[in-house]
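Step one of this worksheet: look at the structure below.
The values are calculated or read from the model by the stated rules, or taken from the named source; none is laboratory data. As the structure is a prediction and not an experimental result, all values here were calculated from the model. All Cβ positions, even for glycine, are placed from backbone atoms using ideal geometry, and neighbour counts span all protein chains on display.
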Amino acid sequence: MKARPPQAPSASPARWLLPLTVAAFAVVQLQQAIPLPSLSLSSSPSTPSPPPASPGWHCLENCRLLPSSTNDGDSFKVSAAGNERIFRLYFADCPETIQRSAGPDRIADQARYFGGIGNDAVISAGQVARAFTSDHLRSTPFTIFTRWERVFDSHRFYAHVSLPTAEGQPTDLAEALVSAGLARIHTTGADHPHGPSERQQHQHLRSLERKAKAAGLGAWHHLSTR
């Protein structure tokens, strides 16, 4: 009968249980000394919190323009109150910036509004309007007044945008665009939380528009040069 080869003695549980216990204790102590960030699967840092449910106007100060391929003259992405949101101006509707950004009917309608200018002139004016708004919003923090009214049930919200000036008096962005001939008075309006009613603002914008048209500014320039 052949003798069996000697076998290595099996490891006793007591031999590895103590080192594992010590290691686990060390991990617990390390986590207490250096807290690890909690992970949330329900949301990401880029997901904005829901808008406030309280009615009325909300004032968002120290807003800043964020770069986005969708920014144009009247709609833009901003950092406001710790969230990233897209706002759209009350009253002002700027010309489109590219042909594919809107249907041909919309561009044709804008062309008719500015006196029958061509579609290319609409696009050109829209690009100038986008640069105008970007220049104004990038230069300094601005204030937004919104009541979280959605634009056609989208992720955008209507707003009044107030810009500081060197004279210390705030300037409304929609007024600035109309004064420069870079927007038509065509979209939803609203009373301003600091006084003027929707009707008063509309009348004031019409006065600014007449001056811009007479001076051949912005999109009205294409009409004056035909």
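Select from region 183-193 the residues that are over 9 Å from ALA92 (Cα atoms) and in contact (Cβ under 8 Å) with a residue 12 or more places away in the chain and write down the one among them that is surrounded by the fewest Cβ atoms within 10 Å (Cβ to Cβ). Even if it seems obvious, please write down each step before you answer.
We begin by selecting, within region 183-193, every residue over 9 Å from ALA92 (Cα atoms); these are 190-193.
Adding the requirement that they be in contact (Cβ under 8 Å) with a residue 12 or more places away in the chain leaves 190, 192-193.
Details: ALA190: 18, HIS192: 17, PRO193: 14.
Across region 183-193, the extreme among qualifying residues is PRO193.
Tell me which residues, restricted to region 207-222, are more than 20 Å from ASP120 (Cα to Cα) and within 27 Å of the chain's Cα centre (by Cα).
The answer is LEU208, GLU209.
Tell me, which helices (runs of 4 or more DSSP H) lie completely within region 157-226 with 1 or more residues that are modelled with pLDDT of 95 or more and within 14 Å of GLY115 (Cα to Cα)?
Values: elements: 173-179, 198-215, 219-224.
So the answer is 198-215, 219-224.
Output the residues belonging to region 48-87 that are in contact (Cβ under 8 Å) with a residue 24 or more places away in the chain, within 30 Å of ALA125 (Cβ to Cβ) and not in a loop (DSSP other than H, G, I, E, B).
Scanning region 48-87 gives LEU60, CYS63, ARG64, LEU65, SER75, PHE76, VAL78, ALA80, GLU84, ARG85, ILE86, PHE87.
Within region 126-174, track down each residue that is of a type in the set (D, E, K, R) and buried (at least 19 other Cβ atoms within 10 Å of the Cβ). If you could, list the steps in order and put the result at the bottom.
Filtering region 126-174 for residues of a type in the set (D, E, K, R) gives 130, 135, 138, 147, 149-150, 153, 156, 167, 172.
Correct list: ARG130, ASP172.
State which residue is surrounded by the fewest Cβ atoms within 10 Å (Cβ to Cβ) when the search covers only region 88-114 and only residues that are touching a His at 6+ places or on another chain (Cβ under 8 Å) and part of a loop (DSSP other than H, G, I, E, B).
PHE114
Out of all the residues in region 203-225, is one or more within 23 Å of PRO48 (Cβ to Cβ) and of a type in the set (Val, Ile, Thr)?
no
Please enumerate the residues belonging to region 82-128 that are modelled with pLDDT of 95 or more, touching a Lys or Arg at 6+ places or on another chain (Cβ under 7 Å) and among the hydroxyl-bearing types (Ser, Thr, Tyr).
TYR113
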